[in-house]
Amino acid sequence: MSDPTTSADSRTAALSVPSLMTVDVTALKGVGKQLADKLSKLHIHSVQDLLFHLPLRYMDRTRVSAIGGLQPMANVVIEGEVRACDVVFGRRRSLVCKLQDGSGLITLRFFHFSAAQKKRLVAGARIRCFGETRRGASGLEIYHPEYDFLDGKQPLELESRLTPVYPATEGITQARLRGLSEQALELMDSHSVQELIPDDAWKHHPYPLAEAIAFLHHPPKDAPIDQLLEGTHPYQQRLAFEELLAHHISMLRVRQKLQAEGAEALPTPKPLLTAFQKGLGFQLTGAQQRVADEIAADLSQPFPMLRLVQGDVGSGKTVVAAMAALQAVGNGFQAAIMAPTEILAEQHRQSFTQWMEPLGIKVGWLSGRQKAAQRREQLAAIASGEAQVVVGTHALFQDDVHFADLGLTIIDEQHRFGVNQRLAFRQKASGQGRSHQLIMTATPIPRTLAMSAYADLDCSIIDELPPGRTPVSTVAISNDRRAQVIERVRAACLDGRQAYWVCTLIEESEMLEAKAAQEVAETLERELPDLSVGLVHGRLKAADKEAQMSAFKAGELQLLVATTVIEVGVDVPNASLMIIENPERLGLAQLHQLRGRVGRGEAESHCVLLYGSPLSNYGRERLTVMRETNDGFVIAEKDLQLRGPGEVLGTRQTGDVSFRLADIQRDGHLLPRVKEVATHIMATHPEVVEALISRWLGHSENYANV
Ligand code: ADP
Ligand code: MG
């Protein structure tokens with residue numbers, strides 16, 4: 001292992017030895033078609049898959065614990081004498097058995113029991129039993145322990161190793177999985193499960209893969225169980241590293257494939273951009289200029305740009321997107337800008353039209369609710385190339401949309417879409433031609449998460465707000481003081497400002513949320529008769545929603561009651577007060593998004609978090625974060641800490657960022673090294689790429705097959 005040359009050779013040799021990757025699970029004793037089908041639900045197809053199906057946790061059945069020292073929620077072996085055993089008729093009939101050793105007493109409870117069981121579990125009997133402790137009606141209890149009589153011929157044996165607990169599925173018991181892993185381990189040696197990470201990529205000496213796998217499937221009795229349960233044992237870290245590496249490489253491979261396709265080089269059209277900036281009426285911030293330059297440089301290359309722009313709410317991403325679009329147009333290509341909602345798309349249409357028509361550029365428009373005739377007209381303009389910049393919603397990617405010459409696709413606020421959809425859009429877009437791609441998000445993504453979820457994208461950050469903005473000052477006020485808050489809304493509006501009142505619900509029901517918002521709007525209308533109050537929610541017809549929004553934008557409405565539909569991107573600079581009801585129900589990133597709707601103009605802005613009391617500690621902690629900072633990146637980091645990556649990326653349901661073993665927070669420290677090694681492997685060891693990806697994510701087709 002020490003000499004890189006020989007070990008590289010042996011690695012290549014190992015790759016040509018038939019591996020357990022190609023040995024089907026049915027080769028194992030006792031695995032027929034039926035069991036194989038069940039195993040495939042766990043993504044276990046080959047013997048190697050079985051080896052990489054690692055325990056979730058461990059139980060210690062290696063020693064007998066004293067009853068007096070037990071904690072709830074522990075898997076333990078205990079021994080003692082039965083003091084009493086009776087059938088108890090509570091809510092459910094159960095057999096309740098009191099077991100005692102010198103140190104204490106515990107209750108064993110059986111909801112199902114036979115007459116024979118009852119007959120033998122009598123006072124004075126000595127048993128050894130195994131099970132999970134819990135807090136029950138009479139102190140510590142174990143439900144349905146496994147047990148054996150100590151005077152019997154074969155008492156429940158103590159294990160010599162920690163007992164693994166595997167991720168399982170219906171119809172496969174832990175005992176079955178343990179038996180199969182044992183068989184697989186017997187077949188394993190360092191050739192049949194290849195070391196895929198080249199030695200020259202590991203600067204620090206790695207633990208051999210086979211050794212790590214064997215250890216984790218059945219750790220010895222004295223293994224540090226706390227460390228194992230945390231996932232920080234060196235062997236676990238060794239495998240977590242490899243898993244993160246496999247993910248990273250799979251994303252780099254997606255990127256490589258796309259880049260190999262090539263794209264039109266679009267040199268920067270300087271005069272056009274100068275004319276555009278003159279018409280803006282403001283100077284770009286330094287950050288906007290820097291990011292615009294990064295994009296311009298990408299677009300001038302003959303391979304597709306894949307760039308993510310992160311910028312806090314209000315940092316001015318739209319202008320930067322417009323400049324990118326101009327670079328396509330200036331070279332005779334079309335640019336498409338997609339927004340996640342009608343309201344946002346409409347807003348972009350207005351900005352783009354206002355900025356571009358004076359330059360003689362025609363802006364096209366596609367939305368889901370266009371009349372047929374209007375749509376036909378737009379489709380024709382897009383197909384002929386007459387529409388040079390096309391703004392729209394998802395409607396942009398329908399099958400009947402054909403661009404004459406699409407050079408650039410921009411996806412705004414992509415956070416809403418999730419990683420899967422991002423890949424899907426990308427495929428659509430590439431079906432439209434070999435276009436460059438720009439993705440913009442207002443939700444800052446914590447660095448570690450960005451490194452793992454967006455490894456396939458270059459990243460630019462607009463980390464500066466346009467001048468003249470005063471940070472939004474945020475207070476948390478209990479709902480008991482609602483009347484005061486309403487007064488505050490009145491005062492602000494009578495002073496010429498506008499305000500939002502945001503209603504939130506726990507249920508994911510648009511209907512209930514709409515109803516709640518409606519009721520709040522009615523009450524506020526009664527209590528604030530001198531103000532004109534509007535209402536938007538997800539159940540409104542698009543046209544009505546839009547009418548309300550434009551009335552608010554035009555200043556005809558002073559107070560806008562809304563559900564979280566206004567969360568993303570809406571821009572009304574005169575609105576300087578936002579009330580958020582029950583903010584404790586929302587994630588921090590979402591609150592930050594909402595709050596970003598104010599503080600867009602010159603006036604000092606305020607956000608009132610109107611919470612329902614009493615507030616939990618967790619709720620209090622989160623509201624404190626909101627009060628203390630306006631920095632989206634700080635908030636995103638905190639959100640990641642408090643809620644985990646799935647929630648933060650908004651992809652919990654789709655399971656996009658799911659790892660078998662790795663944990664982005666716990667193992668985030670590995671990522672810089674993962675990135676280096678991934679780049680190194682892509683460049684110098686392409687022969688291991690496929691094997692690494694299929695070993696760790698053979699089942700997640702997204703990344704594997706793009
Ligand atoms: P976001 O990054 O949230 O999408 P927008 O692009 O909607 O932000 O910009 C927010 C507001 O700031 C808009 O009204 C926009 O015209 C304005 N704006 C953008 N850049 C600047 C700038 N450099 N100076 C002044 N105002 C700007
Ligand atoms: Mg925006």
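Residue under question is residue 571, and the condition is that it be within 16 Å of ligand 2 (Cβ to nearest atom) and of a type in the set (Asp, Glu); does it hold? Yes. Just need a number here: residues in the range 130-189 that are of a type in the set (Gly, Ala, Ser) and either buried (at least 18 other Cβ atoms within 10 Å of the Cβ) or more than 30 Å from residue 43 (Cα to Cα) (or both). Residues that pass the stated criteria total 8. Close Cβ contacts (under 6 Å, 6 or more residues apart or on different chains) running from residues in the range 307-331 that are more than 23 Å from residue 445 (Cβ to Cβ) to residues that are within 8 Å of ligand 2 (Cβ to nearest atom) and at pLDDT below 95 are absent. If you go through the range 227-240 one residue at a time, do you hit one that is modelled with pLDDT of 95 or more, in contact with a Pro (Cβ under 9 Å, 6 or more places away or on another chain) and in a helix (DSSP H, G or I)? Within the range 227-240 (the criterion being modelled with pLDDT of 95 or more, in contact with a Pro (Cβ under 9 Å, 6 or more places away or on another chain) and in a helix (DSSP H, G or I)), the answer is no, since none of the residues qualifies. Residue 685 satisfies every condition listed in (1) at pLDDT 85 or above; (2) surrounded by 18 or more Cβ atoms within 10 Å (Cβ to Cβ); (3) in contact with a Phe, Trp or Tyr (Cβ under 8 Å, 6 or more places away or on another chain) except (3). In the set 533, 520, only one residue is more than 16 Å from ligand 2 (Cβ to nearest atom), in contact with a strand residue (DSSP E or B) (Cβ under 6 Å, 6 or more places away or on another chain) and closer than 26 Å to residue 626 by Cα; that residue is 520. The residues listed here are 64, 87, 122, 77; of these, the one that is more than 14 Å from residue 141 (Cα to Cα), β-branched (Val, Ile, Thr) and surrounded by 15 or more Cβ atoms within 10 Å (Cβ to Cβ) is 64. Looking only at the range 550-560, filter to residues that are surrounded by fewer than 23 Cβ atoms within 10 Å (Cβ to Cβ) and in a helix (DSSP H, G or I); which one of those is modelled with the highest pLDDT? The selected residue is 551. Residue-level check: of (1) under 22 Å from residue 323 (Cβ atoms); (2) surrounded by 20 or more Cβ atoms within 10 Å (Cβ to Cβ); (3) within 13 Å of ligand 1 (Cβ to nearest atom), residue 343 misses just (1). Scanning the range 33-65 for residues that are assigned to a loop (DSSP other than H, G, I, E, B) and either among the β-branched types (Val, Ile, Thr) or over 25 Å from the mean Cα position of the chain (by Cα) (or both) yields 44, 45, 60, 61, 62, 63. Considered as a group, the residues in the range 440-473 that are charged (D, E, K, R) and within 13 Å of ligand 1 (Cβ to nearest atom) include one that is modelled with the lowest pLDDT, and that residue is 469. Filtering the range 531-549 to residues that are part of a helix (DSSP H, G or I), surrounded by 16 or more Cβ atoms within 10 Å (Cβ to Cβ) and at pLDDT 85 or above leaves 548, 549.
Quick one: would you say residue 351 is touching a residue at least 12 places away in the same chain (Cβ under 8 Å), among the hydroxyl-bearing types (Ser, Thr, Tyr) and in a loop (DSSP other than H, G, I, E, B)?
no
With respect to residue 627, determine if the residue is away from ligand 2 (no atom under 16 Å from the Cβ), basic (Lys, Arg) and modelled with pLDDT of 90 or more. Here the answer is yes, as residue 627 does meet what is asked. (1) among the polar types (S, T, N, Q); (2) more than 15 Å from ligand 1 (Cβ to nearest atom); (3) touching a strand residue (DSSP E or B) at 6+ places or on another chain (Cβ under 8 Å); (4) not in a helix (DSSP H, G or I): which one isn't true of residue 301, the others all being true? Result: residue 301 passes all but (3).
If you go through the range 514-530 and keep only what is of a type in the set (D, E, K, R) and either surrounded by fewer than 15 Cβ atoms within 10 Å (Cβ to Cβ) or out of contact with any helix residue (DSSP H, G or I) (no Cβ under 8 Å at 6 or more places or on another chain) (or both), you end up with 515, 519, 522, 525, 526, 530. Taking residues in the range 458-473 that are touching a residue at least 12 places away in the same chain (Cβ under 8 Å), and partners anywhere that are of a type in the set (D, E, K, R) and part of a strand (DSSP E or B), the pairs with Cβ atoms closer than 9 Å and at least 6 places apart or on different chains are 458/307; 459/307; 460/307. Any residue at all in the range 579-593 that's within 15 Å of ligand 1 (Cβ to nearest atom), surrounded by 18 or more Cβ atoms within 10 Å (Cβ to Cβ) and not polar (S, T, N, Q)? So far as the range 579-593 goes, yes, one or more of its residues are within 15 Å of ligand 1 (Cβ to nearest atom), surrounded by 18 or more Cβ atoms within 10 Å (Cβ to Cβ) and not polar (S, T, N, Q).
Scanning the range 268-305 for residues that are surrounded by 13 or more Cβ atoms within 10 Å (Cβ to Cβ) and farther than 30 Å from residue 594 by Cβ yields a count of 16.
Taken over the range 602-645, the residue count meeting the criterion of being more than 30 Å from residue 667 (Cα to Cα), among the hydroxyl-bearing types (Ser, Thr, Tyr) and not in a loop (DSSP other than H, G, I, E, B) is 1. Of all the numbered requirements in (1) among the hydrophobic types (A, V, I, L, M, F, W, C); (2) more than 16 Å from ligand 1 (Cβ to nearest atom); (3) at pLDDT below 90; (4) surrounded by 18 or more Cβ atoms within 10 Å (Cβ to Cβ), residue 476 misses one, and that requirement is (3). Condition check: modelled with pLDDT of 95 or more, out of contact with any Ser or Thr (no Cβ under 9 Å at 6 or more places or on another chain) and more than 16 Å from ligand 2 (Cβ to nearest atom). Does residue 301 satisfy that? Judged against the criteria, residue 301 is not a match. Would you please name the residue that is farthest from residue 456 (Cα to Cα), looking only at residues in the range 316-336 that are polar (S, T, N, Q) and surrounded by fewer than 24 Cβ atoms within 10 Å (Cβ to Cβ)? Within the range 316-336, the match that is farthest from residue 456 (Cα to Cα) is 331. Could you check, for the range 68-75, whether at least one of its residues is in contact with a strand residue (DSSP E or B) (Cβ under 6 Å, 6 or more places away or on another chain) and either assigned to a strand (DSSP E or B) or of a type in the set (Ser, Thr, Tyr) (or both)? Yes, the range 68-75 contains a residue that is in contact with a strand residue (DSSP E or B) (Cβ under 6 Å, 6 or more places away or on another chain) and either assigned to a strand (DSSP E or B) or of a type in the set (Ser, Thr, Tyr) (or both). Here residue 494 does not fit the description of being away from ligand 2 (no atom under 16 Å from the Cβ) and touching a strand residue (DSSP E or B) at 6+ places or on another chain (Cβ under 6 Å).
Please specify each residue of the range 574-594 satisfying the condition of being over 20 Å from residue 524 (Cβ atoms) and within 16 Å of ligand 2 (Cβ to nearest atom).
589, 590, 592, 593
The values are calculated or read from the model by the stated rules, or taken from the named source; none is laboratory data. No experiment lies behind these values; they were computed from the predicted model shown. All Cβ positions, glycine included, derive from the backbone under ideal geometry; neighbour counts span all protein chains shown.
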